[in-house]
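For reference, the structure discussed in these notes is given below.
Readers should treat all values here as calculations from the given coordinates under stated rules, not as data from a laboratory. Bear in mind that the values here come from a model prediction, so they are computed numbers and not experimental data. Using ideal geometry, Cβ is built from the backbone for each residue, glycine included, and neighbour counts are taken over all protein chains shown.
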Ligand code: CTP
Ligand code: MG
């Protein structure tokens, strides 16, 4: 009750409508979970006429497989997607055709993946204590239970990321001609998505990146720059990113295995 009263006082100071006081205690305490899905790339490494996020895997676009993983995760509240400008109408019709009820926003992406995420981040309305996940639109094999694990770890550590350890030996070569050293495999991780962050932390990291004109391939790297290390959550080797033609073929096999195991 004490917490509620003081929160009420904050709302008054901020000039917010008094109706906010009437939120139930549960809706105050439980942070909402938002998911940003960047799907605005051009898929150059895979090539072809159709952008890879819209290619079919068993008669369903890859982006729909991806969104369904989050639609079916009970810990997720809202989803927003960034797509290329010319694909907005197509994406909206997929959302309604597949009844993706959690999708609250379809918007345009930017030049780089990070710009696409930033575009959505600007448009989503959340509270600082909410949780924001970022997940590649072309990573259709993430299990809802792993999404929940990342969310749980984020609640404790403010930042959490799925990853797997490499199975091969990894060596370093700066010139690309001769090996120089073997890296300690136990200290290495292949980073996946989803990556989850306390909303206020992610906003701070993006502001910092903008100020320093900094680009990274994932959000965890941006968050590290503002002094927070993400908690590692062990992922699955099935959670591949469809990048090249081989990944598409591998994706078809994974989907078949999931179907026979009754995971879909
Ligand atoms: N992405 C995005 N906006 C961009 C670039 C990428 O939203 N400007 C998205 C992609 O659509 C994909 C995810 O980020 O869902 C991961 O990017 P990647 O696999 O590199 O996809 P593409 O950039 O489309 O592929 P490529 O790099 O081969 O062109
Ligand atoms: Mg790319």
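Less than 18 Å from a label point 7 Å out along the Cα-to-Cβ axis of residue 217: which backbone N atoms in segment 97-119 qualify, by residue?
Inside the label zone: 112-117.
Report the Cα centroid-to-centroid distance between segment 41-77 and segment 153-180 in angstrom, as an integer.
Here the two parts' Cα centres lie 25 Å apart.
I'd like the orientation of helix 113-123 relative to the chain: the angle between its Cα long axis and the longest Cα principal axis, in ° from 0 to 90, rounded to 10.
Taking Cα atoms only, the helix is inclined about 20 degrees.
Reported to two decimal places, what Rg/Rh ratio describes the chain when computed on Cα atoms with Rh from the Kirkwood expression? List each step's numbers first, then the result.
On the way: Rg = 19.8 Å, Rh = 19.9 Å.
Here the Rg-to-Rh quotient is 1.00.
Two decimals is fine: what's Rg over Rh for segment 110-264, C-alpha atoms, Kirkwood radius as Rh? Spell out each step's value before the answer.
On the way: Rg = 17.1 Å, Rh = 17.2 Å.
We get a ratio of 1.00 for segment 110-264.
Over segment 75-160, what number does the Rg to Rh ratio reach, with both radii from the alpha-carbon atoms and Rh per Kirkwood? All intermediate terms of the calculation are to be shown ahead of the outcome.
Numbers: Rg = 13.6 Å, Rh = 14.1 Å.
Taking Rh as the inverse mean 1/r over Cα pairs, Rg/Rh reads 0.96.
For segment 118-183, what does the equivalent ellipsoid look like in terms of its semi-axes, each the square root of 5 times an eigenvalue of the Cα gyration tensor, given largest first in whole Å? Provide the component values of the computation, followed by the final result.
Values: eigenvalues 232, 52, 35 Å².
Over the Cα atoms of segment 118-183, the ellipsoid semi-axes are 34, 16, 13 Å.
At a Förster distance of 22 Å, what's the computed FRET efficiency of residue 156 paired with residue 30, Cβ-Cβ distance as r, to 0.05?
Working: r = 15 Å, r/R0 = 0.68.
In this case the efficiency is close to 0.90.
Fewest to most neighbouring Cβ within 10 Å: what's the order for 241, 145?
Values: 241 15, 145 10.
Listed from fewest to most nearby Cβ atoms, that is 145, 241.
Mind sorting 214, 91 by how few other Cβ atoms lie within 10 Å of their own Cβ, fewest first?
Working: 214 14, 91 25.
Starting with the residue having the fewest Cβ neighbours, the order is 214, 91.
With the crude spin-label approximation of a point 7 Å out along Cα→Cβ, what separation in nm comes out for residue 111 versus residue 129?
3.9 nm
If neighbour count is taken as other Cβ atoms inside 10 Å, put 184, 115 in order from fewest to most. All intermediate terms of the calculation are to be shown ahead of the outcome.
Numbers: 184 8, 115 14.
Ordered by Cβ neighbours within 10 Å, fewest first: 184, 115.
Restricting to DSSP H runs of at least four residues, report the calculated mean residue ellipticity at 222 nm for the chain, -39500 (n - 2.57) per run over all residues, nearest 500 deg cm²/dmol. Please report the intermediate quantities before stating the final value.
On the way: 9 runs with 97 residues, N = 264.
When only DSSP H runs of four or more count, the value is -11000 deg cm²/dmol.
In degrees between 0 and 90, to the nearest 10, how far off the longest principal axis of the chain does helix 62-71 point, with axes built from Cα atoms?
Tilt of helix 62-71: around 40 degrees.
Under Stokes-Einstein, with the Kirkwood radius over Cα pairs standing in for Rh, what whole-number D in µm²/s applies to segment 19-153 at 10 °C and 1.306 mPa s? Could you put the intermediate results ahead of the total?
Working: Rh = 15.5 Å.
D, rounded to a whole number, is 102 µm²/s.
Residues of segment 204-235 with backbone nitrogen within less than 14 Å of a virtual label 7 Å along the Cα-to-Cβ line of residue 185, please, listed as ranges.
Taking a point 7 Å out along Cα→Cβ of residue 185, no residue of segment 204-235 has its backbone N under 14 Å.
Specify the angular offset, from 0 to 90 degrees and rounded to the nearest 10, of the alpha carbon long axis of helix 199-211 from the longest principal axis of the alpha carbons in the chain.
With rounding to tens, the tilt is 60 degrees.
Could you pull the Rg and Dmax for segment 180-264, using just the Cα atoms, both in Å?
17.0, 49
Restricting the calculation to Cα positions, tell me the Rg (one decimal) and the Dmax (whole number) of segment 53-106 in Å.
10.7, 31
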